[in-house]
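Input: a single structure, listed below in structure tokens.
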Amino acid sequence: MTDSKQILVTGGAGYIGSHTCVALLEVGYQVVIYDNLSNSHEEVIHRIKKITGKNLTFVKGDIRDKDALKECLANYPCDAVIHFAGLKAVGESVEQPLKYFDNNLVGSLRLLEAMQESNIKTIVFSSSATVYGNPVYLPFDEKHPLAPTNPYGQTKLYIEEILKDIFKSASDWQICILRYFNPVGAHESGLIGEDPQGVPNNLMPFIAQVAVGKRDTLNIWGRDYDTIDGTGVRDYIHVTDLAEGHIRALEYLKDSSKLLVANLGTGKGSSVLQVLNAFEQAVKTTIPHAFKNRRPGDVAEAYANTFIANSLLKWKAKKDLNSMCRDHWHWQQKNPNGYNPK
Ligand code: NAD
Ligand code: WQD
């Protein structure tokens, strides 16, 4: 990068956001994190500075507060926005759909209004493979029908649709919608990583908490799927590879107006037992587990076609499952209680 651009990172104190801020700072961008800390800790800001040796701006605020967003953008003029802020717990979204529509959908509307009124028209948006719903075919490419099966996924789909309509109405926008598959792992320093509140829903944080002794047993949801070993298959992607995808997205957008939708995954599926096995190798011990019935709503297999990201973003995931497990374990070992010192 030649000129030093400033990026507003909503949700930048969160799991994927913090790794992306490290990547941005390392290639010379200036970073303004805007986060209400509803699912993160201010300690993350210190850790990002420690890893990079660089300074950044942190503004505590809610994306639903347009005035606060505009004030932030007036105080810290930005060239582009990377929009991570959102709630992401699928089960909670089924129980409290309004909370998700308010936070994710209304929040994104207020952000887009604040951007328009501040004359910022470049955005990279965190969408999810969850917008595809049940696979009609695999691997999922970006043309696969979109049919999310829960309110969380609906919020992602609606925001995607809003972004597409904005582009139709005013084609001077530069928009990249990134559909992440299953982000795991942590920065190799072990200073930042995923810090789930309460009982983790996702596989790797759960395995990590069993390995560190915080939970007794991993429940494996289903061993009768039509997969390599009967357990569910997903496309796990190292969070630092994912972070790099955002740098490529900004580079792709910089020259001209465009709208791109791209999957970010490895293109390779791994089963629950393969993940467990790789994690056991990282920990160098066995991890107690038990087979249970299938989890409602789960599909047998999900993995990405990554052609668009490979060819247009010039991006490819580099790290394998062993690195993902090693780095996730390193973070968990160094921070058994996450960012909470107790
Ligand atoms: P995260 O919860 O760690 O990070 C989200 C951040 O947004 C948190 O720091 C939280 O405090 C902040 N936030 C939430 N609501 C806000 C609001 N109203 N105003 C300001 N800040 C707010 O989650 P993550 O795993 O880093 O996910 C980042 C994004 O990527 C989310 O939009 C998520 O839906 C999406 N995504 C995540 C995954 C995944 O498995 N982790 C997969 C696909 C997509
Ligand atoms: C992976 C596999 C489980 C936990 C979810 C969201 C999705 C996305 C990522 C944001 C499955 C099995 C899990 C456990 C298990 N997030 N499993 N025991 O379901 O692919 O996706 O997170 O956009 O929206 O739905 O990921 O990590 O929950 O599950 O056996 O304790 O591990 O059945 O096969 P999933 P996951």
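None of the figures in this text is laboratory data; all of them are computed from the coordinates on show. Since the model is a prediction, treat every value here as computed from it, not as a measurement. Here the Cβ is made from the backbone with ideal geometry for all residues, glycine too, and neighbour counts use every protein chain on show.
Quick notes
- Relative to the 2.2 N^0.38 Å rule of thumb, the chain has a C-alpha radius of gyration ratio of 0.95.
- Coupling constants for segment 316-325 follow from the phi torsions by the Karplus curve (6.51 cos²θ - 1.76 cosθ + 1.60, θ = phi - 60°), and in residue order they are 8, 5, 10, 8, 8, 4, 5, 5, 4, 5 Hz; glycine and proline get x.
- Segment 128-202: chymotrypsin sites (Phe, Trp or Tyr not before Pro) falling in loop per DSSP and having at most 13 other Cβ within 10 Å: 137
- The helix-only estimate of mean residue ellipticity at 222 nm for the chain, built from DSSP H runs of length n ≥ 4 each weighted as -39500 (n - 2.57), is -11000 deg cm²/dmol after division by the residue total.
- Angle between the chain longest axis and helix 239-253 axis [Cα atoms, degrees, rounded to 10]: 30
- Sorting 21, 78, 176 from the fewest to the most surrounding beta carbons within 10 angstrom yields 78, 176, 21.
- Lysine pairs within segment 1-102, Cα separation less than 22 Å, 8 or more sequence positions apart or different chains: 13
- Over segment 1-111, all Cα pairs binned in 5 Å intervals from 0 give whole-percent P(r) values of 2, 12, 23, 23, 18, 11, 6, 2, 1, 0, listed from short to long.
- The chain: angle of helix 15-26 to the longest principal axis, Cα-based, in degrees nearest 10: 60
- Placing +1 on the Cβ of every Lys and Arg and -1 on the Cβ of every Asp and Glu, with no other charges, gives segment 191-239 a dipole of roughly 160 debye about its Cα centre.
- Going by neighbour counts of Cβ atoms within 10 Å, the residues 179, 326 line up, fewest first, as 326, 179.
- Size descriptors for segment 48-153: radius of gyration and Dmax over Cα atoms are 16.6, 48 Å.
- Under a 5 Å amide H cut-off, with hydrogens placed 1.01 Å from N, residue 30 pairs with 5, 6, 7 among residues at least 5 apart or on other chains.
- Relative intensity, log₁₀ I(q)/I(0), of segment 28-82 from a Debye sum that treats every alpha carbon as a point, q = 0.14, 0.28, 0.30 Å⁻¹: -0.39, -1.24, -1.29
- Per the Kirkwood formula applied to alpha carbons, segment 98-179 shows a radius of gyration over Rh ratio, Rg over Rh, of 1.00.
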